[in-house]
Amino acid sequence: MTKSDKLWGGRFTGEPDATFAEFNASFRFDRRLFVADVSASIAYANGLRRAGVLTAHETRAVIDALNNLLERAAAEPRFFDRSNAEDVHSFIEAKLIAAAGDAGRKLHTGRSRNDQVATAFRLWLRYEIDSIDAHVRELQSALIDLAELNIDMVMPGYTHLQRAQPIMFAHWCLAYFEMLRRDRERLAETRRRVNIMPLGSGALAGTSFNIDRDAVAKELGFDGVSANSLDAVSDRDFAAEFAGACSLIMMHLSRLAEDLIIYSSNEFGFVTLSDAVSSGSSLMPQKKNPDALELLRGKAGRVFGHQVSLLAMLKGLPLAYNKDMQEDKEAIFDTVDTIGICLRAATTLIANITVNGEKMRDAASTGYLNATELADHLVKNGIPFRTAHETVGKIVLYAIGKNKELHELTIEEMRKFSAVIDQEILNALSLDTTISAKCVVGGTSSERIAEALAVAKIYVKNNG
Ligand code: ARG
């Protein structure tokens, strides 16, 4: 790079050091903002025309040149190569000036790269949020499909990864649906704060040209303009917040992945992943490994790291813009790339699962998962819960000694522990009765699942 390539030639006499130039540059990665930055420049050119800075003729020349850059970038694979631009903004301005001359040299009037980068970054991120949201929605649909395909299947529910109480498999699917529903709410909330336009803030103090910021914002689809120029050029809350929303999505995906890794193990055998989404071992011929699930689990850490790196970068920065903030790009770019592929992979995985209903039913039928149900029946017969808990604990201990499940004990054996136990209670301990008893709102009974599924489908339809 030579002094003449730079945006600040006048003040400098010396040539930049090559290592400094390489260190300072961000074009290698921020070229991803090219379309967003050109779009913002087009809207800004119109703003300058309305402010009387550009004539209609000059505005036309600038906008034509900018549109031409968009076309060339789309058509020429090597358009961005061999440039020694410092960043995407100087790249675009240099090309614009080469094409439009003095009209191009006027575009930066009242504008700074500080408000420019914040604007382009937000514009770019808004599109990415919409695309991530669409991917989350597809995953929600896949979970609904999986639930419906296996609507009658039951499984053990776990706490501490110990069998706890029986649930419907669809209940498990819908648990993840709920997490993703909250994730989409968070994305939508984040989008509201992302979609505010900093342009017009200048370097930090605002601009003395009469730019109608609202009109520029409207042209770019922003919901509003920033209220304080000092804040606007130094605010990267939206980036940290977005990384936070993505961290929670990744945390959810990692839990989904972990459940499925466990359930697809030989020890559980609840689900089988199709060959299309499994890997083999280079050494052990018999192996079929859930690599994709493990990657989903592993990549969560990477996104969490980006959130932490953004917060650490911003911590203690004095107002307003500081070059530290250029570090926001790679963290967010990698967050976007990682979450995109993870969501698509998760959707594919969910569509490639076979559920082994018999295995799950067997597992749900053994291990005293109906003990709480028995205690509940004692309570319904007037026994205080704490007493019922103790009594059933003793029955379980007795049953373990006899190597029997609760429903395999005779009524006489049961009655030794509590006189209120009768045949009706014994019958109510079956797997299906235990599940259908959980008919409270949010519970696992088939009735409630059917309702929850209907609500879930409406949600997906209305939130497209
Ligand atoms: N490449 C810079 C960034 O990403 C653009 C803003 C530069 N502004 C400045 N005053 N050096 O943050």
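The values are calculated or read from the model by the stated rules, or taken from the named source; none is laboratory data. This is a predicted model, so every value here is computed, not measured. Backbone-built Cβ (ideal geometry, glycine too); neighbour counts: all protein chains shown. Accessible surface areas use protein heavy atoms only, side chains included; no ligands, DNA or RNA. Shrake-Rupley method; radii C 1.70, N 1.55, O 1.52, S 1.80 Å.
Once divided by 2.2 N^0.38 Å, the Cα radius of gyration of region 46-153 becomes 1.64.
In the chain, excluding the sites themselves, the longest stretch lacking any of the chymotrypsin sites (Phe, Trp or Tyr not before Pro) that are in a DSSP loop with at most 13 other Cβ atoms within 10 Å is 13-464.
Remark on the chain: Rg and Dmax equal 30.5, 101 Å (Cα only). Listed values for region 37-46 are Karplus-derived 3J(HN,Hα) couplings in whole Hz (6.51 cos²θ - 1.76 cosθ + 1.60, θ = phi - 60°), namely 5, 5, 4, 5, 5, 4, 5, 5, 4, 5, and x replaces Gly and Pro. Available extension along the chain between Asp145 and Met284 is 46.6 nm, counting 0.36 nm per residue and deducting the alpha carbon span.
Kirkwood radius and radius of gyration were both taken over the C-alpha atoms of region 326-376, and their ratio Rg/Rh is 1.41. Using Cα atoms only, what is the angle between the long axis of helix 385-402 and the major principal axis of the chain, expressed in degrees (0 to 90) to the nearest 10? Its long axis makes an angle of about 70 degrees. For region 285-293, 3J(HN,Hα) computed residue by residue from phi via the Karplus equation (6.51, -1.76, 1.60; θ = phi - 60°) reads x, 7, 6, 9, 9, x, 3, 5, 5 Hz, glycine and proline entered as x. In this structure, the residue pairs whose Cα-Cα separation is over 24 Å, taken from Lys6/Lys315; Lys106/Lys218; Lys359/Lys416; Lys299/Lys359; Lys299/Lys329, are Lys6/Lys315; Lys359/Lys416; Lys299/Lys359. Across region 200-214, coupling constants 3J(HN,Hα) worked out from phi with the 6.51/-1.76/1.60 Karplus curve, θ = phi - 60°, read x, 7, x, 6, 5, 9, x, 10, 8, 8, 7, 7, 7, 4, 4 Hz, and Gly and Pro carry x. Loop only per DSSP, at most 16 neighbouring Cβ atoms within 10 Å: give me the trypsin sites (Lys or Arg not before Pro) in region 230-305, ordered by residue number. For trypsin sites (Lys or Arg not before Pro) across region 230-305 that sit outside H, G, I, E and B with at most 16 neighbouring Cβ atoms in 10 Å, the list reads Lys287, Lys288. Quick one: Debye curve from the alpha-carbon atoms of region 291-386 only, equal weights, vacuum; give me log10 I(q)/I(0) at q = 0.18, 0.20, 0.25 Å⁻¹ to two decimals. Values returned for q = 0.18, 0.20, 0.25 Å⁻¹ are -0.91, -1.00, -1.18. With a Cα-only, solvent-free Debye model of region 1-58, what are the log10 I(q)/I(0) values at q = 0.27 Å⁻¹? Debye intensities relative to I(0), on a log10 scale: -0.99.
The base-10 log of I(q)/I(0) for region 347-410, evaluated at q = 0.18, 0.23, 0.27, 0.28 Å⁻¹, reads -0.70, -0.95, -1.13, -1.16 [Debye formula, identical scatterers on Cα atoms, solvent excluded].
Among the GluC sites (Glu not before Pro) within region 181-282, those in coil by DSSP and having at most 12 neighbouring Cβ atoms inside 10 Å are Glu267. Against the main long axis of the alpha-carbon atoms of the chain, helix 371-380 sits at an angle near 70°. When the Cα atoms of region 300-452 are aligned to their principal axes, the ranges along those axes come out at 79, 38, 34 Å in descending order. When only Cα pairs below 8 angstrom with a gap of at least 6 residues are kept, region 41-106 shows a relative contact order of 35 percent.
A cut-off of 5 Å between modelled amide H atoms, ignoring neighbours fewer than 5 places along the same chain, links Gly224 with Met197. In loop segments of region 75-152 as defined by DSSP, the trypsin sites (Lys or Arg not before Pro) with at most 11 further C-beta atoms inside 10 Å of their C-beta are Arg78, Arg82. Solvent-accessible area per residue in the chain equals 48 Å², computed with a 1.4 angstrom probe and all protein chains kept.
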